[in-house]
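Bear in mind that the values in this text are calculations on the coordinates, not laboratory data. Worth saying up front: this structure is predicted, and the values here are computed from it rather than measured. Because the Cβ atoms are built from the backbone with ideal geometry, glycine has one as well, and the counts that use them run over all protein chains shown.
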Amino acid sequence: RSAELLARQAVRESNARTYPRRLPIAIAEASGSFLRDLDGNVFIDFLTGAGVLTLGHNHPELVRAATAQLTRLTHGLDFPTPAKDAFTEAQLAMLPAGLRDRMKIHFCGPTGGDAVDAAVKLCKTATGRGDVVAFQGGFHGSGHAAMALTGLVRQKQPVANGVPGVHFSPYSYCARCPLDLLPGTCDTNCAGQLERSLRDGNGGVPLPAAVILELVQGEGGVIPARRSFARRIRALTRELDIPLIVDEVQTGCGRTGTWFAFERYDIEPDVIVASKGLSGMGLPVAIIMYDRRLDVWAPGAHIGTFRGNQLAFAAGAEAVRVIRRDDVLGNVRRRGEQIAELLTPLTANPWVKEVRGVGLMWGVELADPRDGGPATELAHRVQGAALRRGLIVELGGRADCVVRILPPLNVTAEVVAAACAIIAEAVNACSL
Ligand code: PMP
């Protein structure tokens, strides 16, 4: 029955569809960490709607909150509503104390890429400058501007010139150092490169409106920024009065074990972009939170019809309550340690270049031991082999050579153990 729907979709839907090509199933229903396809096969879902289902599929308390809201009010533009008020309160309360009173919230909408566009536009308005610095290997969205900021060349090559004024700087990717240095032997020269070009008035990068940074590149292949790199970028942008935007679309809402990834680095951004995990159950909502001194937009400067999804607000406020009550962030940290223990031994396999991750965001980078090149074909086979064994995983990285997982944040130790066993089996079986 899955095959039948996949065939119908192939005729009627855009050629750009991606997941069903690599994971050929049609989904019937889901619950918690599991989903069932139309043929009755049950899978552990470690793709979780590209990381949106922070509390898994259909969490009963979120379903209850969203259902109650459904009969009350579904759409509210940017009028105040009790659901929006509770959501705003919950989001601000999750910020570190130092930021809580300084940040304002703007509802964008409804996807992560929309919020990225809004963040950049806000910084352009605030600074009167036009250029933006982004990092190699980053991903920020599929719209024209967010794609222009994306440093994954393969994805945007066919769009030709994109949006002008975007400059790419090396990112701290020690497994494949952008400056060809030995891992750990440098003084974050990758950040130094940006520093030199920003300070060089002749031929360097013009003073930009913003620097946009993912602290763990997700689509780029699960690459956590080195602490010294992130801190140096923060110090530099502060000194030069350049707003720092952190794109927490994927890392935010607890994914890395703190509410936002920037907390792990002890840095304070000027603008936070959040979306995926905000509702806890995959309802569309996207926000930016920014320092009050950037509150420069005139009324109506950034509008949009779908900026007030009341269902997402209701579920999102409830998600924060559940996450706090159940110490879900503690679970993220513990399950992350468990994954590290279970997957790191895979590096004994010559095809496994690196196992890396933080919290519940992990990747196994596969490389050809003969030349060190990305083992893309192997990664695709591993994804298929995992699916046949009952686990849904994602691929990422510059050449799709990183097997990625984004489990629900409330996943149990048993499910993590089963999933890691499948990954190990699939990697070892496929690389024979
Ligand atoms: N930023 C990051 C870091 C992301 O991972 C994504 C989505 N993968 C986006 C932005 C874009 O979000 P959306 O697909 O909801 O537009």
With a ≥ b ≥ c from the Cα gyration tensor eigenvalues, square-rooted, and the rule rounded for a/c under 1.5, otherwise prolate when a/b > b/c and oblate otherwise, the chain is oblate
Between HIS144 and ALA50, the FRET efficiency computed from the C-beta separation at R0 = 22 Å comes out, to the nearest 0.05, as 0.60
So the FRET efficiency between ALA413 and ASP368, C-beta based with R0 = 45 Å and rounded to 0.05, is 0.85
Taking a straight Cα-to-Cα line shorter than 24 Å from LYS121, and setting aside same-chain lysines fewer than 8 residues away, one finds LYS84, LYS104, LYS156, LYS276
Here the longest stretch of the chain that holds no trypsin sites (Lys or Arg not before Pro) in a DSSP loop having at most 14 other beta carbon atoms within 10 Å is 103-369
For GLN217, other-chain or 5+-apart residues with amide H closer than 5 Å (H placed, Pro excluded) are ILE223, ALA225
Taking R0 as 22 Å and r as the Cβ-Cβ distance between ASP85 and ASP327, the FRET efficiency 1/(1 + (r/R0)^6), rounded to the nearest 0.05, comes to 0.30
Taking 0.36 nm per residue of separation between THR18 and ARG154 and subtracting their Cα-Cα distance, the length gained on full extension comes to 47.5 nm
Any GluC sites (Glu not before Pro) in the stretch 9-70 that lie in a DSSP loop and have at most 11 other Cβ atoms within 10 Å would be GLU13
Counting only DSSP beta bridges with both partners in the chain, the antiparallel fraction in percent, to the nearest 5, comes to 70
Pseudo-spin-label distance ALA7 to ARG292, built 7 Å along Cα→Cβ, given in nm, is 6.3
